[in-house]
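Notes follow once the structure below has been shown.
Every read-out reported here was derived from the displayed coordinates using simple, explicitly stated rules and does not represent laboratory data. Not measured: the values here are computed from a predicted model. Reconstructed Cβ throughout: ideal geometry from the backbone, glycine too, with neighbour counts over all protein chains shown.
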There are 8 protein chains.
Amino acid sequence: MQKMSVRTRVLTGAVTLAAVGAGTFGALSASAAPQSDQARPAADVRKSETVTSTHLSVAAATKAAQAALAAAEKENQRVTVAVVDRNGNTLVTLRGDGAGPQSYESAERKAFTAVSWNAPTSELVKRLAQTPNLKDIPGTLFLGGGAPVASQGAPIAGIGVAGAPSGDLDEKFAQAGVAALGK
Amino acid sequence: MQKMSVRTRVLTGAVTLAAVGAGTFGALSASAAPQSDQARPAADVRKSETVTSTHLSVAAATKAAQAALAAAEKENQRVTVAVVDRNGNTLVTLRGDGAGPQSYESAERKAFTAVSWNAPTSELVKRLAQTPNLKDIPGTLFLGGGAPVASQGAPIAGIGVAGAPSGDLDEKFAQAGVAALGK
Amino acid sequence: MQKMSVRTRVLTGAVTLAAVGAGTFGALSASAAPQSDQARPAADVRKSETVTSTHLSVAAATKAAQAALAAAEKENQRVTVAVVDRNGNTLVTLRGDGAGPQSYESAERKAFTAVSWNAPTSELVKRLAQTPNLKDIPGTLFLGGGAPVASQGAPIAGIGVAGAPSGDLDEKFAQAGVAALGK
Amino acid sequence: MQKMSVRTRVLTGAVTLAAVGAGTFGALSASAAPQSDQARPAADVRKSETVTSTHLSVAAATKAAQAALAAAEKENQRVTVAVVDRNGNTLVTLRGDGAGPQSYESAERKAFTAVSWNAPTSELVKRLAQTPNLKDIPGTLFLGGGAPVASQGAPIAGIGVAGAPSGDLDEKFAQAGVAALGK
Amino acid sequence: MQKMSVRTRVLTGAVTLAAVGAGTFGALSASAAPQSDQARPAADVRKSETVTSTHLSVAAATKAAQAALAAAEKENQRVTVAVVDRNGNTLVTLRGDGAGPQSYESAERKAFTAVSWNAPTSELVKRLAQTPNLKDIPGTLFLGGGAPVASQGAPIAGIGVAGAPSGDLDEKFAQAGVAALGK
Amino acid sequence: MQKMSVRTRVLTGAVTLAAVGAGTFGALSASAAPQSDQARPAADVRKSETVTSTHLSVAAATKAAQAALAAAEKENQRVTVAVVDRNGNTLVTLRGDGAGPQSYESAERKAFTAVSWNAPTSELVKRLAQTPNLKDIPGTLFLGGGAPVASQGAPIAGIGVAGAPSGDLDEKFAQAGVAALGK
Amino acid sequence: MQKMSVRTRVLTGAVTLAAVGAGTFGALSASAAPQSDQARPAADVRKSETVTSTHLSVAAATKAAQAALAAAEKENQRVTVAVVDRNGNTLVTLRGDGAGPQSYESAERKAFTAVSWNAPTSELVKRLAQTPNLKDIPGTLFLGGGAPVASQGAPIAGIGVAGAPSGDLDEKFAQAGVAALGK
Amino acid sequence: MQKMSVRTRVLTGAVTLAAVGAGTFGALSASAAPQSDQARPAADVRKSETVTSTHLSVAAATKAAQAALAAAEKENQRVTVAVVDRNGNTLVTLRGDGAGPQSYESAERKAFTAVSWNAPTSELVKRLAQTPNLKDIPGTLFLGGGAPVASQGAPIAGIGVAGAPSGDLDEKFAQAGVAALGK
């Protein structure tokens, strides 16, 4: 596995979150008792055995979500915004004032769908003409309102908006969220 | 595995795995129709807006799971093995021949628990003496058999084993899986 | 029903959010086609038939969640923060960078628990000594880290934090979120 | 955020239900031990940080549900009736004598759908011609039988009926429930 | 099967609800198209092959639920009330104004528990001293607040109340609901 | 409520199963400790407050399910059979040897669908031409293979079969189950 | 992998059900259209790559369940009986006349628990003294009433009974079901 | 039941896996305390009462899954692979590096679908033209990417792949997994 060690070198140059918080992580134990007695340290793997995935920081995800919400509020639309990462986990949700009860899970699913295929959900809807059962994949929702976020061309997050009178409007707001990044 | 090294070369320039497959990712669309017409590229974020998380590669996770399973088989124990990453996603499962029906979800939960607190589940069980309701956190299982995998001290995965007559045995096999890494 | 009419009088003086956005709401139809043809207007109820509930605005909930997250980050703790309203709906979630996978649902449940009983979850844990099965109520989690938000003494929201090494720490951050309100 | 302060002014004039029961709410602790020792009072937020939502009182919701059920019984139809509020929570359910097993969840979903888009579900069904995937939104059901309830034009509840031989009949009964309000 | 034939004789004397609505039932088809073309009638079973179960009528269940709610309101307690039948189906729910979000499912579960064992849940809690794992049975909640309704000594329904500061109070209100029956 | 009192009169003449086992039911407490100390008897309701529902006895349901399974085996088809009552509860399931993994839940849902609308599922499928969203009702499955069982014209149970190469075959076996009743 | 080849030899001698029904299986396609055009046959594996698991036939499982139910009826107890195989799948359920609503899922879980550990659940309850969190494994229920069925010492099924006043009684009936096998 | 006794004879010749591990199985008790005190041995059934099902060994299933993954990697596609047995249980999962979040459950469902009908999912999609509601069966996904594995013509497992840009590609990789067997 010569090749794997090559990758390792690459990663050596990387500064991953994990590296940063190493000391802290060792002490991580959400809501548990202090762990000073934790004698046995977890084994350490070689870098050649790892890959990394890129995520929006919570700060950036919040900024994007707020921008999407502000865009909706500017047009007097009441929506919920969600940001989901490439692993399918929700990073941020903002349930806008007065948004309908159907908007929360819709926003999450649109974001999930956009990041899964790295395309706006309004585009993905068109693919159903050829492959209608795509929409049966658990966790997805094929309605306009989801926009992907990419890093160097690869999808790292999806922003989903739901609650406006049309999917086009929802997606316009989601794109406003995307646009707030990289500025 | 010539092909892998090709990818590796790409990574040489990279800063995340995502970067590697940029061209590929742009075309990613699981089971959808070809997307040559996907004109609108997703916006690109700045690096300062992203964080990365480290995962076991599927190759390494499989190697660890197989080692855990082999350790159990050597002692004539029938178990299921699961590897879960720091984001809570299952990477690999191996349902051993003859393992009981309760072992599959148990293995996943033990792995989830170990990676959540970066400690063997046999240690985490002890914390319940002080904070008994920790075990009510969804997705967890406070039984011996889960072992964390760390990179530079930070948790990146958990290995869970279930099905042997005791949690101590299960955890011995899980630790065998951990030990297979870094070799 | 003497009591009801008393309440009615109080509510007569109320001006609800709904009133504000009335024109907009009439056109609300999340992601649906334009509804210009919606001839039949929904019937209008009398005020005496309605009650109102108070919520944190999304702006205030976001501010509180960000304050809680900032307090955790200041101590190098990686946590998730959730804000839940009195109806049990999640308003805002912020998954902090590097927070464990168990933290997301934990934060939501702590917030839910705090707003349900209008008390910090660290206090509620003590009640289990007398009524241990309280913790079997669906949606709850009896671990420190949840703090209630009140308006005129009545609970309107809960803030939940999860991911720090102890529930006391989690709750300190949640209280920092509460403290950010009213300033 | 000019808009927010406008809203704030409106809300300043509000007297919410919460205010009414303030003393009581402070002591609220469903099924827990007495809380006389609850020293730390929850922090109080400013009114500018809150919004309110309007609900049917349980008395009104019950009246409406009973009217819908009576309308169905008058035509020898066996149905279930549900009333759901704008936050998506079920307020009242009445499973009519002899109603089919499929009617209970159907009634709740029709009510949820009607309040989400502030339109009768028989109207919403028509929108599927243009946006067929609306019906994939979790919690919805696009069948006649749901009717919205509004206050000053804004949706505050939905009434759903299920179990009659056609959606038109179900919706006729739901409208009878709406009509019972405001009298 | 001597026993069965005895039962059969008893049932021979029964006139069931089904009989009453026979003509109507034949045409039952909740929300479906008219069924005039439904040529093939369903086969008819002999009475010796059937048993019957007794339920509260929806009218009686509503009366009981309203009585429980009124009893709570008289003491300024904000609660949710649920009535569940012997088959485990919810007949009626009333979410009282201002009741906490945890109260809805709690009320249903208390009612379910009471009708399952034909005893008040405050009594059932005591059985946990001897059989603690009873409370792990899905759908149950072992907290005071559930009261059984019986017909000729056999359980036919449960009334559950949740939201008051103690289970004793909740159960007092549930008993008020029971007491409203038979008057 | 003239109608209700009519029903009441009918029900007055009813002798329900509950009556038969009254003494036994009073002592019912599945898996709990002996209840000799259960002093407080549950309140007794008047008959005018109750309705009854008719069910297949477990003996009859088993006979029907076995007949359906035998019919399938005679044609070398491997299927699962389910019998569901009018309250939506499963009475009997028989997973035939070698039946596919998709057959179990399919059989239950076909039975549920047949009893809900009192028609064979092969007939119900046709209604989708006019009301396509009927199939979105939770718990249903619109595939041939479900047959209703009626008592005096009213639906009391559904028999569902799944696993044969076509819905027509499945339904032929289900009808064989129905035919075994009343003999 | 010496061990594997040993197992292989044993399996070489096996004649599995699959072999019996080979022709039939090839045509299996539950509820689908005829498959005469299915040109591409599925690849065939070598026997050395397969293992087999033993199940109760549906005929035997039904016999056992009926024996358990009859034993309960003889003592005037109303129970539900379930038979679950070693893969965790439910084979047979019989909901006895008048059994409480909590009994159905309880019976399935007791059966699942018994087959998972190849011991009566009354024995398994005792293990909780040493390993209390065993009962948190999904799908289990640690109450008397489950009995394992073995073939040559290995567990192949579990029989669960629920609904009688004590777990001891439930288990007595489950054991009557086991005893009906092998006769 | 002439047919059954024929089957019985066949099975008499069977030597099952259970037989192999008999001694071990008797001591099986995943994570429980030592069971030396387990006096009461489980009853033993006659062979005529059992049937057997054939499974891929975990070794073979892993080999197939790795082959499928390697085939995808060779074409620079990022996918998840799942192997499901004829009882519907997942045997092996491998989440490939960089596979989208929608791929995991998709792969499992494609595998489940393929083994249920013993046909490639690309073929099964065509059956929807005639029987569209097949796709509503729980657990299924009608998208290319699933391939059946057979033993002597009977289905024993399914291999599912998801994440490539088209279902055809996914299925090509799944078939590569099948092809790795029997070599």
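Of the residues examined, A:K74 is not one that is in contact (Cβ under 8 Å) with a residue 60 or more places away in the chain, charged (D, E, K, R), touching a helix residue (DSSP H, G or I) at 6+ places or on another chain (Cβ under 9 Å) and surrounded by fewer than 24 Cβ atoms within 10 Å (Cβ to Cβ).
Conditions (1) surrounded by fewer than 24 Cβ atoms within 10 Å (Cβ to Cβ); (2) among the acidic types (D, E); (3) under 30 Å from D:P138 (Cβ atoms), marked per residue:
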{"residue": "F:Q102", "(1), (2), (3)": "no, no, yes"}
{"residue": "F:S116", "(1), (2), (3)": "no, no, yes"}
{"residue": "F:R127", "(1), (2), (3)": "yes, no, yes"}
{"residue": "F:S166", "(1), (2), (3)": "yes, no, no"}
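Check segment F:53-72 and report whether any residue there is within 11 Å of chain D (Cβ to nearest Cβ), within 27 Å of G:A107 (Cα to Cα), touching a His at 6+ places or on another chain (Cβ under 7 Å) and small (G, A, S). Looking for residues that are within 11 Å of chain D (Cβ to nearest Cβ), within 27 Å of G:A107 (Cα to Cα), touching a His at 6+ places or on another chain (Cβ under 7 Å) and small (G, A, S), one finds at least one in segment F:53-72, hence yes.
Here C:E108 meets each of (1) under 14 Å from the mean Cα position of the chain (by Cα); (2) more than 14 Å from chain B (Cβ to nearest Cβ) with one exception, condition (2). Taking each residue of segment C:159-183 that is within 7 Å of chain A (Cβ to nearest Cβ) and looking for partners that are assigned to a helix (DSSP H, G or I) with beta-carbon atoms closer than 6 Å, six or more apart or interchain, yields C:A162/C:S103; C:A162/C:S106; C:A162/C:A107; C:A162/C:D170; C:G163/C:S103; C:A164/C:D170. Output yes when any residue across segment A:130-145 is outside any loop (DSSP other than H, G, I, E, B) and either more than 12 Å from chain H (Cβ to nearest Cβ) or hydroxyl-bearing (S, T, Y) (or both), and no when none is. No: segment A:130-145 contains no residue that is outside any loop (DSSP other than H, G, I, E, B) and either more than 12 Å from chain H (Cβ to nearest Cβ) or hydroxyl-bearing (S, T, Y) (or both).
All of (1) in a strand (DSSP E or B); (2) touching a Lys or Arg at 6+ places or on another chain (Cβ under 9 Å) hold for E:V149 with one exception: (2). When segment H:111-127 is filtered for residues that are more than 8 Å from every other protein chain (Cβ to nearest Cβ) and either in a loop (DSSP other than H, G, I, E, B) or without any contact (Cβ under 8 Å) to a residue 24 or more places away in the chain (or both), only H:K126 remains. For the structure I just gave you, tell me whether G:S151 is in contact (Cβ under 8 Å) with a residue 60 or more places away in the chain, polar (S, T, N, Q) and farther than 12 Å from G:A65 by Cα. Taking the combined requirement at face value, the residue satisfies it.
Checked against the criterion of being under 28 Å from E:S53 (Cβ atoms) and either more than 11 Å from chain D (Cβ to nearest Cβ) or of a type in the set (A, V, I, L, M) (or both), the candidates F:R86, F:R95 yield just one match: F:R95.
Out of all the residues in segment G:122-144, is one or more of a type outside the set (K, R), touching a strand residue (DSSP E or B) at 6+ places or on another chain (Cβ under 7 Å) and closer than 25 Å to E:A114 by Cβ? No, segment G:122-144 has no match at all. When you check G:L134 against the structure, is it crowded, with 24+ Cβ neighbours inside 10 Å and within 18 Å of the chain's Cα centre (by Cα), yes or no? Considered against the rule, which asks whether it is crowded, with 24+ Cβ neighbours inside 10 Å and within 18 Å of the chain's Cα centre (by Cα), G:L134 comes out as no.
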